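The values are calculated or read from the model by the stated rules, or taken from the named source; none is laboratory data. The shown structure was predicted, so the numbers you read here are calculated from the model rather than taken from an experiment. Quick reminder, even Gly has a Cβ in these numbers, built from the backbone with ideal geometry, and neighbours come from all protein chains shown. Accessible surface areas use protein heavy atoms only, side chains included; no ligands, DNA or RNA. Shrake-Rupley method; radii C 1.70, N 1.55, O 1.52, S 1.80 Å.
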Amino acid sequence: MKTLLASAASIALTAIAGTASAAEPVPTPVKSIVLVHGGFVDGSGWEGVYKILKKDGYDVTVVQNPTHSLADDVAVTRRAIDAANGKVILVGHSYGGVVATEAGNDPKVAGLVYIAAFAPDKGESVSSLIANPVPGAAVPPILPPQNGYLFLDRSKFAAAFAADVRPDTAAFMADAQVPWGVEALGGAVTLPAWKAKPSWYLVASEDRMIPPPAQRAMASRAGAHIEETPASHAVYVSKPAVVAALIEQAARGANAQAK
């Protein structure tokens, strides 16, 4: 009887051990975040998001793209990815989503986060995506090109780009605009990273630069996990906590959801 009990116990322990060894390890959260700004602005708008992520223990790099051409911006972003420690969550706002879609093919990128951003398919660019606007959508106040670069009408910048940002901050953003190259606007994606990498998308439902229906359509096409918040195009400035929360969600889930 004792022999039978001992044998049964041994079998049970072996089964338990086998189950434990067969269990998949818990995915390790990604700890490096690379933030990519869009057109008309620089990386300083990420300050609020940056501070939250740093406080929560993430390594954060803010890319300063020249926005002259898509190829140049992808090259600058890839250098930031190369310099990051380990796997990376690549985050793009607005045109920065185009940059992230191309640069995100880097093997170090574990996941993509789009913040009110363009998420183009192969052969698409900002130019092609805005060519046929949603009926009734707001028209961004983009001025005619000046020597190959674009600006927003300063008097209309706040209403179009940053309606929920503090007035003094929105005024500064308007006056501190970065010229956006027409060549960058026309830069087409060659291989969309979202087809191979998990992605997350934050829709800004009060955006007057990229129509919210267009955001939802791009996010759905990419198979992204979609969150939505009532905010302007500058949601990364006005609601840094909401943006940081989605980035951290991606950092926790990217390895588990790898395509």
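Of the residues that sit in the range 239-259 and are under 15 Å from the mean Cα position of the chain (by Cα) and in a loop (DSSP other than H, G, I, E, B), which one is surrounded by the most Cβ atoms within 10 Å (Cβ to Cβ)?
Once the filter is applied, the top-ranked residue is Ala254.
Provide a single number: the residues in the range 169-181 that are surrounded by fewer than 17 Cβ atoms within 10 Å (Cβ to Cβ) and either under 21 Å from the mean Cα position of the chain (by Cα) or closer than 16 Å to Ser232 by Cα (or both).
The number of residues fulfilling the criteria is 2.
Looking at the range 201-229 only, could you name the residues that are more than 18 Å from Gly48 (Cα to Cα) and out of contact with any Pro (no Cβ under 9 Å at 6 or more places or on another chain)?
Scanning the range 201-229 gives Tyr201, Asp207, Pro212, Pro213, Gln215, Arg216, Ala217, Ala219, Ser220, Arg221, Ile226, Glu227.
Could you check the range 29-51 and list, in sequence order, the residues that are surrounded by 19 or more Cβ atoms within 10 Å (Cβ to Cβ) and not in a strand (DSSP E or B)?
Within the range 29-51, Val30, His37, Gly38, Gly39, Val41, Gly45, Trp46, Val49, Tyr50 meet the criteria.
Checking the structure you have, find out if any residue of the range 164-186 is in a loop (DSSP other than H, G, I, E, B), in contact with a strand residue (DSSP E or B) (Cβ under 9 Å, 6 or more places away or on another chain) and not charged (D, E, K, R).
Yes; the residues of the range 164-186 include at least one that is in a loop (DSSP other than H, G, I, E, B), in contact with a strand residue (DSSP E or B) (Cβ under 9 Å, 6 or more places away or on another chain) and not charged (D, E, K, R).
What number of residues within the range 128-168 are β-branched (Val, Ile, Thr) and either crowded, with 16+ Cβ neighbours inside 10 Å or within 22 Å of Val36 (Cβ to Cβ) (or both)?
Summing the residues that are β-branched (Val, Ile, Thr) and either crowded, with 16+ Cβ neighbours inside 10 Å or within 22 Å of Val36 (Cβ to Cβ) (or both) in the range 128-168 gives 3.
Within the range 188-238, take every residue that is open to solvent by less than 50 Å² (accessible area, probe 1.4 Å) and of a type in the set (D, E, K, R) and give me the one that is nearest to Phe157 (Cα to Cα).
Here the answer is Asp207.
Report every pair of residues separated by at least 6 positions or lying on different chains whose Cβ atoms are under 8 Å apart, first residue within the range 74-95 and within 17 Å of Val30 (Cβ to Cβ) and acidic (Asp, Glu), second in a loop (DSSP other than H, G, I, E, B) and open to solvent by 30 Å² or more (accessible area, probe 1.4 Å).
If the second residue must be in a loop (DSSP other than H, G, I, E, B) and open to solvent by 30 Å² or more (accessible area, probe 1.4 Å), the pairs left are Asp82/Lys108.
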